[in-house]
Amino acid sequence: MFLRFLSGLGIYVNNTDLNYQQFFCPEIADPDMSQPEAKTPTQPADGHAPFAEEELRQAMELLFFAYRDFTGEADEILSEYGFGRAHHRVIYFVKRNPGLTVNRLLDILKITKQSLSRVLGQLVREGFIDQRTDGEDRRRRILSLTDKGEKLENKLTRAQGTRISKAYKEAGGESISGFKNILTLMINDKDRQRFSGGGPHTNVDNAPEHLPEHLADSSQIKK
């Protein structure tokens, strides 16, 4: 179901070509190999029935191609401004988290202060993000989008949202639920609590006591 959803993102994937070496290491692939190499099942940590290695590799490859195309359209827009994906992440999460501080943004993005300083500094200088001192704690800086930043964020979100919307319509409701379940369960435990079905993502202490609705079918999975 998950694989079917990712295929719905508009990516052509021929299952007969999903050999890992042929996709990513053509220089070491054996062109004379007429039969696929036997795959060793991978044993999940929870003790359930093992998944075939080919099944896992297909999921990895679908994630790669889906992410490539998902970010590709946004990359073209960002390039018009001389920006990259780091700028996009900052703009997106500032939009989704009103009153976001610099330290909270660092906690979300998991990047160094130096890396954030370079990207954030450019966005502030060019008028996409406003940065002000917190009135209650002058050591903290509060971030928000300017009108210029709002327009860029909306443009990027529309481009990526269109691709997701198309896949949702083609896959149907049951596949959407499975897609969300798997992506959420791939997130580490701490940040999984941070995500409650939408922003803000800034305070783990405020995480919901119960699992969000899209994880209802996975409520028996041990954390």
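Side notes on the structure shown:
- Note on segment 106-125: among residues that are assigned to a helix (DSSP H, G or I) and under 16 Å from the mean Cα position of the chain (by Cα), the one that is modelled with the highest pLDDT is LEU109.
- Condition check for PHE179: modelled with pLDDT under 90 and hydrophobic (A, V, I, L, M, F, W, C): no
- Filtering segment 127-184 to residues that are more than 20 Å from LEU78 (Cβ to Cβ), of a type outside the set (S, T, N, Q) and either touching a Pro at 6+ places or on another chain (Cβ under 7 Å) or surrounded by fewer than 13 Cβ atoms within 10 Å (Cβ to Cβ) (or both) leaves ARG132, ASP134, GLY135, GLU136, ASP137, ARG138, ARG139, LYS169, GLY173, GLU174.
- Taking (1) over 27 Å from ARG68 (Cβ atoms); (2) at pLDDT 85 or above in turn, LYS190 satisfies each apart from (2).
The values are calculated or read from the model by the stated rules, or taken from the named source; none is laboratory data. This is a predicted model, so every value here is computed, not measured. As a convention, Cβ positions derive from the backbone with ideal geometry for all residues, glycine included, and neighbour counts pool all protein chains shown.
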